[in-house]
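Following: one structure in structure tokens, then a few remarks.
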């Protein structure tokens, strides 16, 4: 998450920040009106990297989590011990659908241009 955000923050021109200060904007206004909109594609790209990896986790939630199933745990349990492969396949479509919608909106934000 840090590397895409750092790359997008390095791409913000200093001239825009200086122009914001010259026009009378405070540091907070400069951050919200200049820096954040220009860094938003990098934030979206970094969140794709981190969020997509967490959808398939089943070991860590199993070790430190509660008895409730996360999606990765449900797929693992239904496919492995129960042998219910169709239900495991249905559960595995949920993260695919979530990431498809998420990537669609991230593409609209221009996250792939910041890579």
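Values quoted throughout were computed directly from the atomic coordinates according to the rules given, and no laboratory measurement underlies them. Source: prediction; values computed, not measured. Neighbour counts run over all protein chains shown; Cβ positions are idealised from the backbone, glycine included.
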Proxy reagent accessibility, fewest Cβ within 10 Å first, across 49, 91:
49, 91
Which FRET efficiency value, to the nearest 0.05, do you get for residue 38 and residue 84 by plugging their Cβ-Cβ distance into 1/(1 + (r/R0)^6) with R0 = 30 Å?
0.05
Between the helical axis of 71-80 and the dominant principal axis of the chain, each derived from Cα atoms, what acute angle in degrees is found, rounded to the nearest 10?
30
Taking the chain on its own, what percent of its Cα-Cα pair distances exceed 24 Å?
47
Which order do 94, 75, 12 fall in if you start with the one that has the fewest other Cβ atoms within 10 Å?
94, 12, 75
State, to one decimal in nm, how far the label point of residue 104 lies from the label point of residue 6, with both points 7 Å from Cα in the Cβ direction.
3.4
